Every structure is written in C-alpha cells, then in structure tokens.
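A.B. asks: Pasting a structure below so you can have a look.
Here, each number is a calculation from the coordinates, and none is a lab measurement. Worth saying up front: this structure is predicted, and the values here are computed from it rather than measured. For neighbour counting, all protein chains shown are included, and Cβ atoms are generated from backbone atoms with ideal geometry for every residue, glycine included.
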There are 2 protein chains.
Amino acid sequence: MSRSARSGTREEILDAASWLFAATGFKGTSLQDIAGAVGCSKAALLYHFDGKDAILAELLAPAVEAFETLDARLAALGDEAVRRAAVEGFVDLVMRFRREVTVLYGDLPDLLQRPAFAGVQEMTDRLLAALTGRSAEPAARAAALLVLGGVPVACMEPCGIGDDELRSALVRSAARALDPTGA
Amino acid sequence: MSRSARSGTREEILDAASWLFAATGFKGTSLQDIAGAVGCSKAALLYHFDGKDAILAELLAPAVEAFETLDARLAALGDEAVRRAAVEGFVDLVMRFRREVTVLYGDLPDLLQRPAFAGVQEMTDRLLAALTGRSAEPAARAAALLVLGGVPVACMEPCGIGDDELRSALVRSAARALDPTGA
DNA sequence: TCAGGGTTTGACCGATCGGACAGTTTTCCG
DNA sequence: CGGAAAACTGTCCGATCGGTCAAACCCTGA
C-alpha cells in the first residue's frame, strides 16, 4: 500500500494512463482506474496533473509533435514524391507512437473536436490527401480512411503479433491506399 | 415538447441510439442524449427497454445474428472455398449493418468482454482464421486484424463516400488480407 | 535534530450517471 | 361516452464521475 514519496510517479501515471486509454478509451477510463493501476490515490494524480484532460494532453503531446513534423516535411516535398514519403512517414509514426495513436484515433471523432487537437484533424485530412495523391475521388479516400481506421487496433502485442509483422502489414495496407489500380 | 403517445417510439429510440453509439461510443452516450435526440423523456426510454444495456443488446441483435449465420455457413464449407466466401460474406455483413458493426468493434475490447457478446469474439477469431486461411502466421493475422480494425470507421456518409466506393474499398481491403504474396 | 518543501492521503463537494416509481396523459374499444 | 390499458412524465435515489482541500507523510539539508 505505502508508496515511497518522491519518485518517477509522473512517468508511471503517463504509462498506466496510456495503456488504459488505449484499452478502454478515454471516457471509459476513470481517475480511480489509473490510480489503481499506478498504486496511488486519485488525489495524487491531480497533484501531478491539472486534471484528466491534462494527463491526456501530455500523453499525446509527443505523438502530435511527430504528426506536425511529418506534416511539415510533406508540405516541403514535390507532389510526385509526396505519396511515397507519406506512406513511410505514416507507418513510422504509427510504430513509434502506437498507444498514443490508438488513443487519438480510437476516440474519434469526439477527441478531435477538442480545440487542443483540432490541428490533428486537419493534418489527418492532409495526410489523407497525400495518401490518395490529392485526388478527391471518393473511392481513393474510402480506401485511405479504412487504412487510418485500422490503426487504432495497432496494439497487437496481446495477440502475439510482433513489430516486424505489424510494420509490414501497415506498409502493405498503406501502399494499397495509393495503388492506382481500382481507384 | 409534447409527444403523441402511441407510435413507433421503440424504432425511433433504436435508430437514434445506433447513431449516437456509433458516433460517440456506448459509454460516451448517456440516456439523456438519446432521449434528447428522440424528443422524449429519459423515463420513456426505460419504459420501452429494461435499461441502457437492453437498448444496446436489441440494437446489435440483428448484426450478431447475421454474424452467426455467416459463421455457420463458413463452417459448412471446404477449406479451399472458405476464404473467398469469408471475404464476400464479411463485406456484405459490414455493408448491411454498418452502424451496428461500428458500435460493436468501436467499443472493443470492452464490449466483447460482456457475456452477451462473448460469442462474437470467438466468431471474429474464426473469421480471422478464415481470412488468413487458418494459418497462424502472425503476419497474416496482423493484416486481417488491420482490416477488421478499419471497419469501425465504415460510417462514411458524412465524408461524402457512397455505398459503391465503400464496398469496393472493403473488398480490396479484405482481399489483401488473404493475398498469399507477402505473408 | 529539526525545520521545510515536495509528495501523498482521506474526506468531501457538486454534477451527472443509470435506474426506480407514482402519477398523469393519451389511445383504444366496448 | 367511459373505463382499462398503453404511453409518457416529473421526481427522486444511490453510485460514480472529475476535482478540491486541509492534514499528514517522508525525504533532505542545515
């Protein structure tokens, strides 16, 4: 029961919260749940963070930042090189921030309507446009949307699926979205 | 304000609830939200249904039934015909019960852990096995999982994506999962 | 040793959740 | 018409939500 005061509690909270948010959703996870997973009291969470939303924001910050970096890199590329870069950049992003992306897209569209994440929505649209070669064809957009939708289940460790298999599946999935045949 | 007693209120409730559950999740939708969308009081919902869970159960019943039918049909097929039938059956199921499937897979894994839907979890596993040709290869399972994960976003009307585009995207997505190249 | 600040806790708050219940309105039918 | 059944509402309940606060804890440095 007793927890030694002073330690890396902040990191423990963020780690536990990321797992719980990814598994049961943001709204489906209570502060008590997080506190129980960490092994501290609910009040301790609110000492380290300004609230539940602040935990979420700090949790997603690195992923959002990586999203912005990718978005800026794509904007600096010529149209012909964009799609290839979009695929590998997107796959990299998903692999690195698996849990975060699961939380972000898993609670769509509720989460993206928050002012703090409104930019992610726009960046997702731009990524979608890049994946589909900026064509507004509904068929291509549908395919790309399906790819993005599959990402929230990217936490596949419990299913016995390793990093290599997940990465190759993501690459194939994303590559299919920009396959000109069948558009 | 006043609602005329006697009417198809049950259907109105189920329709409104399916939209709200798909959009904001089961846990993210309150009885007040549903009542507000229907235009009746919260107590009226509990007059027609035994509770929030009962609304969900009745909402998902047709989709679960269709799932069971597909599962039985696949079990009666020889292994060589299973995969082709699995793809078209799965796509048909998603197209017919778009909102229901979105609710069901969108609240994964919370929802599937309920005793009432435990069978769906097993059937999903069997469908996964059918899509991947019963091979336990992690790579193939990862690809199939991504396909299933993309389904919750299948409510694409707001994105201007019609039925034909969605269907073809689903077929291509599912077909990729059983593509022997790259397994 | 002891003061002081960072850390943690239990108790508590208002709001909202799903749900229960009695009473009122509306529809149906003899 | 009039009364029974169906449909619906307002109100209340206990539990839980996110969040606050004062008191207690523990580690550190003078």
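A.B. asks: In the neighborhood of A:LYS42, defined by Cβ-to-Cβ distances under 11 Å, what is the net charge if each Lys or Arg adds +1 and each Asp or Glu adds -1?
C.D. replies: 0
A.B. asks: What's the exposure ranking of B:ARG141, A:ARG172, going from fewest to most Cβ atoms within 10 Å?
C.D. replies: A:ARG172, B:ARG141
A.B. asks: For the rotation bringing A onto B, which A residue has its Cβ nearest the axis, and at how many Å?
C.D. replies: Nearest-to-axis residue on chain A, with distance in whole Å, is A:GLY150, 2.
A.B. asks: Another question, if that's okay. Residues of B:163-175, mean number of Cβ from any other protein chain within 10 Å of their own Cβ, rounded to a whole number?
C.D. replies: If you average over the peptide's residues, the count of other-chain Cβ atoms is 5.
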